[in-house]
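The values are calculated or read from the model by the stated rules, or taken from the named source; none is laboratory data. Computed from a prediction, not measured in an experiment: that's the story for all the values here. Quick reminder, even Gly has a Cβ in these numbers, built from the backbone with ideal geometry, and neighbours come from all protein chains shown. Areas reflect the complete protein model, heavy atoms only, side chains present, ligands, DNA and RNA absent. Shrake-Rupley method; radii C 1.70, N 1.55, O 1.52, S 1.80 Å.
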Amino acid sequence: MLDFEQIREQFPLLKRQVNGKPLVYFDNAATAQKPQIVLDVIEKYYQTYNANIHRGVHRLSQEATDAYEVSRRKIQKHFNAKDAKEIIFTRGTTESINLVANGFAQLLDKGDEVIISELEHHSNIVPWQLACEQSGAILRVIPINDKGEIVLEAFYQILSNKTKVVAVSHVSNTLGTINPIKHIIEKAHQVGAAVLIDGAQATAHLKVDVQELDCDFYCTSAHKMFGPTGIGMLYGKEAWLRKLPPYQGGGEMIKEVTFTKTTYADIPFKFEAGTPNIVGGIAFGTAIDFINEIGLQAIASYENELLAYATDKLREIPNLSIIGTAADKAAVVSFVIANIHPFDVGSIIDKLGVAVRTGHHCTQPIMQHFKIPGTIRASFAFYNTQKEIDMFIESLKKSVQMLA
Ligand code: 7TS
């Protein structure tokens, strides 16, 4: 048995108080807190070997380049990509999806189709709307049922040989639904479509093996995996990365520049224009080491206990409805309480030290589906405890007393 209380000790921020109360941080789906080891790596980089990468002959530049590329290989190993060149450093999930959608805007033809689902985050909707606008392709949407699960029958109906891309999330940030992505990938491949998986909410909770999944693209953000903000990754199968045009032009992404013709660097550098978030890339690797030291299986089973405990406790509160009751869920629970506005609940429990997110969570179509303005969302990480859930439930009861 792992000692999650001891693991929690490694997160300095969790020791602070908010409004005179111990912090209960249940906004992990927005961003997770950082362990000391990640903070140390960031400090050490700037104090001892800060330099630009891939260009200097000098010692510092070599050290920084080595650390950055070691991290790329850690990410490759963690997600089981075939080759490190299939790992592109990006600013995060949003940029990863935009990179791919932008490329497809040039590859798609009029009348081609792109399929997404009703439970996508806006960052897996809007880039595809833009790509469709630019190319004349048509955006189709797989509906969800009232549990917040993708309706597979409807997916089979809209899937056809016109489908060129299927882009779905691994885990819903608002409902916690774990989507059957392996099955979706298999079906999409039967019609020759490429599949992009938005893994922003999956990678802190689940083991992901891109070769086993056989997805064409997988995107995630380091900051949701206990790493820094401003860094993330795009996994792409080598053949697809060669086919996609560059995303941004600039230094580091070229082989040769003349005013008549520019040739591009090999992957992954073709997609990495300009000075990247060097320390972010390095610390991303450290965050992955940290997760692996605990083990994603142990994390998932501990978080499932937290989710079950929180769900049971929430159900005891009168007039509270849980939004998203899929059979397979990750550590996210969204709910509404009678006619009380989620924002008011969020503001009151903040005074009691509890951090949750309220609103539409960048998934307005989900709100439209359930005909609600927003939800209160509690999202857990392995450093959270049942005691914190008890404090959260108490704070909710107080807020209901005040608002009802
Ligand atoms: N996709 C999903 C499923 C997400 O949950 C998020 C962020 C993104 C994409 C975008 O990630 P970014 O790192 O590029 O911003 N989700 C949330 C959230 O649920 N609350 O705040 C951000």
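With a sphere of radius 14 Å drawn around the Cβ of V195, what net charge do the other residues whose Cβ falls strictly inside it have (Lys, Arg +1; Asp, Glu -1)? Mind showing how you got there, number by number?
Values: positive: K164, K182, K187, K237; negative: E113, E120, E186, D198, E212, D214, D216.
Net charge around V195: -3.
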Rg(Cα) of segment 1-108 divided by 2.2 N^0.38 Å?
1.44
Can you list the HN-Hα couplings for segment 185-197, worked out from phi with the Karplus curve (6.51, -1.76, 1.60; θ = phi - 60°), rounded to whole Hz and with x for Gly and Pro?
4, 4, 5, 5, 5, 4, 9, x, 7, 7, 10, 10, 10
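Against the globular-protein guess of 2.2 N^0.38 Å, express the Cα radius of gyration of segment 39-293 as a ratio, rounded to two decimals.
The reported ratio for this selection is 1.03.
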Roughly how far apart, in whole Å, are the Cα centres of segment 131-195 and segment 285-343?
24
Applying 1/(1 + (r/R0)^6) with R0 = 35 Å to the Cβ-Cβ distance of Q36 and V126, what FRET efficiency is obtained, to the nearest 0.05?
0.45
When the chain is treated as a Gaussian network with springs between alpha carbons less than 10 Å apart, the largest mean-square fluctuation among I178, I288, I348 is found at I348
With runs of 4+ DSSP H residues as the only contributors, calculate the mean residue ellipticity of the chain at 222 nm using -39,500 (n - 2.57) per run, divided by the residue total and rounded to the nearest 500.
-12000 deg cm²/dmol
Just to verify a number: FRET efficiency for K387 and D146, C-beta to C-beta distance, R0 = 41 Å, to 0.05?
0.80
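Based on the Cβ-Cβ distance from E133 to R16, what FRET efficiency comes out when R0 is 41 Å, to the nearest 0.05?
Numbers: r = 45 Å, r/R0 = 1.10.
Calculated transfer efficiency: 0.35.
Just want to confirm a number: the relative contact order over segment 118-223, from Cα pairs under 8 angstrom separated by 6+ residues, in percent.
Relative contact order for segment 118-223 comes out at 23 percent.
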Relative to a virtual label point 7 Å from the Cα of K398 in the Cα→beta-carbon direction, which members of segment 12-39 show backbone nitrogen distances below 11 Å?
19-22
Helix 342-351 axis, angle to the chain major axis (alpha carbon atoms, nearest 10°)
80
In degrees from 0 to 90, rounded to the nearest 10, what is the angle of the helix 93-107 Cα long axis to the longest principal axis of the chain?
50
Summarise the accessible area of segment 39-293 (1.4 Å probe, protein heavy atoms) by the percent that is carbon and sulfur.
50
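About its Cα centre, what dipole magnitude does segment 39-293 give when the only charges are +1 on Lys and Arg Cβ and -1 on Asp and Glu Cβ, stated in debye to the nearest 20?
Working: 25 positive and 30 negative charges, 101 e Å.
With only Lys, Arg, Asp and Glu charged at Cβ, the dipole is about 480 debye.
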Per its Cα gyration tensor (rounded if a/c is under 1.5, else prolate when a/b beats b/c, else oblate), segment 58-123 is best filed as prolate
Using Cα pairs under 8 angstrom and six or more residues apart, how large is the relative contact order of the chain, in percent?
22
If you plug each phi of segment 300-315 into the Karplus form 6.51 cos²θ - 1.76 cosθ + 1.60 with θ = phi - 60°, what whole-Hz ³J(HN,Hα) values come out, in order, with x for Gly and Pro?
4, 6, 5, 5, 4, 5, 4, 4, 5, 4, 5, 4, 4, 5, 5, 5
Under 30 Å between alpha carbons: how many lysine pairs meet that in segment 255-404, if sequence neighbours fewer than 8 apart on the same chain are excluded?
21
Give me, ordered by chain and number, the residues 5 or more places off V354 or on other chains with an amide H under 5 Å from its own placed amide H.
V24
Quick one: helix 278-294 against the long Cα principal axis of the chain, what's the angle to the nearest 10°, folded into 0 to 90?
50
Expressed as a whole number of Å, what is the distance separating the alpha-carbon centroids of segment 224-281 and segment 350-404?
38
Please list, ordered by chain and number, the residues whose modelled amide H lies under 5 Å from the amide H of I254; skip anything fewer than 5 residues away on the same chain.
A265
Per-residue HN-Hα couplings for segment 153-170 [Karplus 6.51, -1.76, 1.60; θ = phi - 60°; Hz; x = Gly/Pro]
4, 5, 4, 4, 6, 8, 6, 8, 6, 7, 5, 10, 9, 10, 10, 9, 8, 6
